[in-house]
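For reference, the structure discussed in these notes is given below.
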Amino acid sequence: MALRTLNPPWRWRPEPSSLIDVRTTLLLPPRRSALPPATVAVGACASRQITAGNGGVWDPVVGGEARNRVRKSVDLATLGNLCVDIVLGVPSLPSASKEERRAYMERLAASPPDKKFWEAGGNCNLTIAASRLGLLCLTLGHVGDEIYGNFLLEVLEDENINFLGMSKNVDETSSITDYQTLLCWVLVDPFQKHGFCSIADFSEEPVFSWMTELTEEIKMAIQQAKILFCNGYAFDEFFPDLIISALDCAISSGTSVFFDPGPRVKTLSNGTPQEQMALQQFLWQSDVLLFTSDEVEALTGIHNPIEAGKTLIREGARTKWVIIKMGAKGSILIDHTTVSCAPSFKVNVVDTVGCGDSFTAAIAFGFLHGMPAINTLTLANAIGAATATGCGAGRNVAHLNKVLELLKQSTLNEDDNFWNKLICGNSLNNEVLLLSKVSINGHNHRLIRIPISSVVPKLLTIFEGAFRSTVST
């Protein structure tokens with residue numbers, strides 16, 4: 001979600017601000033605290049190898065056809081959804097009335113709130129979490145040249161995240177507000193319930209409707225990424241044709257595509273013909289799909305998330321993983337042969353904002369490093385849980401030390417009745433793996449319990465050395 005600020009900027013120019021020169025963006029320097037380079041498998045498929053770290057040549061074979069050989073110097077690139085969250089405590093959330101909500105939003109925007117309420121939002125949450133895991137990240141999107149844009153770029157720079165601006169078809173005769181940084185007003189009432197105010201809720205067109213095609217620099221950046229991540233909020237900013245052109249660019253260059261439609265899955269499913277077509281393209285051609293249990297049910301009409309995920313796997317042309325986020329219960333990863341389930345970690349929840357983004361960062365890490373599905377879910381649940389113990393997202397998403405602490409404690413929120421009912425409630429014959437506290441492997445029919453004591457040491461081996469190196473530096 002995003003809201004254009006209604007305040008005049010300090011200064012403005014049609015070209016969006018950028019952290020680094022375009023040539024530097026497309027030939028990225030080594031990270032200050034990256035994990036050691038290693039040859040790893042993509043999506044746990046050992047037949048498709050990449051070289052982790054900068055300068056690796058990635059040549060995946062999908063469907064029997066060799067893709068163009070492209071130097072993959074970026075681990076994760078995100079498309080759009082760059083905004084500044086303004087987090088404010090309010091006596092009560094605004095009413096559901098569209099007119100009242102818009103008036104409320106405009107009153108909030110009448111003057112800039114104190115900077116202490118600002119935070120990086122949108123896809124910044126994902127890239128910050130991924131960067132803290134050691135992935136080399138690049139954000140692709142529009143950031144204005146004003147107080148909010150400068151703040152966002154400073155945060156990205158501090159988190160060692162690269163930025164490349166999208167500025168195709170800028171019209172210098174247009175209103176200044178058409179090119180300003182997007183804002184999202186995050187409202188929190190005394191009961192810790194959240195509300196979001198966004199111009200996208202009221203706009204008939206994407207907020208960056210002036211942007212109609214990708215620049216050559218953006219295309220090159222997508223080609224050099226191992227993963228391109230896109231979520232449903234990108235449709236608030238860009239026309240479907242532009243988003244599909246990014247999808248096509250990724251596929252043609254062997255870049256894996258992650259798609260999380262989020263709450264927008266309902267509006268896209270019932271949107272314009274172009275939006276519906278774009279949604280179907282992403283569902284059919286993405287390598288990894290991510291949903292909450294409510295979202296996947298809304299999309300497929302299937303109540304059991306395992307059956308819904310298997311349906312999407314069968315119908316997808318390139319789909320390797322379908323991830324279902326089950327909230328406080330945990331998460332599920334479905335591939336072509338196996339269903340993996342992982343209960344959540346027990347923590348004192350302070351704020352759930354940013355948990356899903358942090359979770360996705362770990363999914364990307366596991367996919368790139370060929371980790372077993374159950375290990376990937378364990379890491380993702382730990383990062384999501386660690387983020388929930390803090391307040392807000394952006395720079396407040398989990399740090400690696402907190403994630404390692406939760407992994408070492410290995411306190412799972414197990415609910416055997418829930419998982420047994422879920423697993424027995426599907427009609428499929430896939431093998432099902434369930435993360436458990438049990439100390440030895442055991443199985444009952446299709447259900448195989450994987451002890452967390454066998455998973456955590458492998459994760460600690462990956463990260464503890466990098467964490468010690470970062471601390472000493």
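Worth a mention:
- Selection of region 363-393 for residues being within 28 Å of CYS184 (Cα to Cα), crowded, with 23+ Cβ neighbours inside 10 Å and touching a strand residue (DSSP E or B) at 6+ places or on another chain (Cβ under 7 Å) yields ILE363, ALA364, ALA380, ASN381, ALA382, ALA385, ALA393.
Results for (1) farther than 30 Å from SER95 by Cβ; (2) outside the structural domain of ARG107 (by TED's automatic domain parsing), shown as yes or no for each residue.
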| position | (1), (2) |
| --- | --- |
| SER198 | no, no |
| PHE202 | no, no |
| VAL207 | no, no |
| PHE235 | no, no |
| ILE244 | yes, no |
| PHE259 | yes, yes |
| GLN274 | yes, yes |
| LEU283 | yes, yes |
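- Here ALA328 meets each of (1) in a helix (DSSP H, G or I); (2) closer than 22 Å to TRP419 by Cα; (3) in contact with a strand residue (DSSP E or B) (Cβ under 8 Å, 6 or more places away or on another chain) with one exception, condition (3).
- Residue within region 363-386 that is touching a helix residue (DSSP H, G or I) at 6+ places or on another chain (Cβ under 7 Å), farther than 30 Å from VAL155 by Cα and hydrophobic (A, V, I, L, M, F, W, C) present: yes
- Residue check for GLY271: closer than 22 Å to ALA129 by Cβ and touching a helix residue (DSSP H, G or I) at 6+ places or on another chain (Cβ under 9 Å): no
- Long-range neighbours under 8 Å by Cβ, at least six apart or interchain, first residue closer than 20 Å to ILE227 by Cα within region 346-365, second aromatic (Phe, Trp, Tyr) and crowded, with 24+ Cβ neighbours inside 10 Å: THR360/PHE229; THR360/PHE258; ILE363/PHE258; ILE363/TRP321; ALA364/PHE229; ALA364/PHE258
- Residue match in region 208-229 (condition: under 30 Å from PRO113 (Cβ atoms), surrounded by 21 or more Cβ atoms within 10 Å (Cβ to Cβ) and at pLDDT 95 or above): yes
- Against the criterion of being at pLDDT 95 or above, over 30 Å from ILE199 (Cα atoms) and out of contact with any helix residue (DSSP H, G or I) (no Cβ under 6 Å at 6 or more places or on another chain), SER252 qualifies.
The values are calculated or read from the model by the stated rules, or taken from the named source; none is laboratory data. Keep in mind the model is a prediction, meaning the values are calculated, not measured. Heads up, the Cβs are rebuilt from the backbone with ideal geometry, glycines too, and the neighbour counts pull from every protein chain shown.
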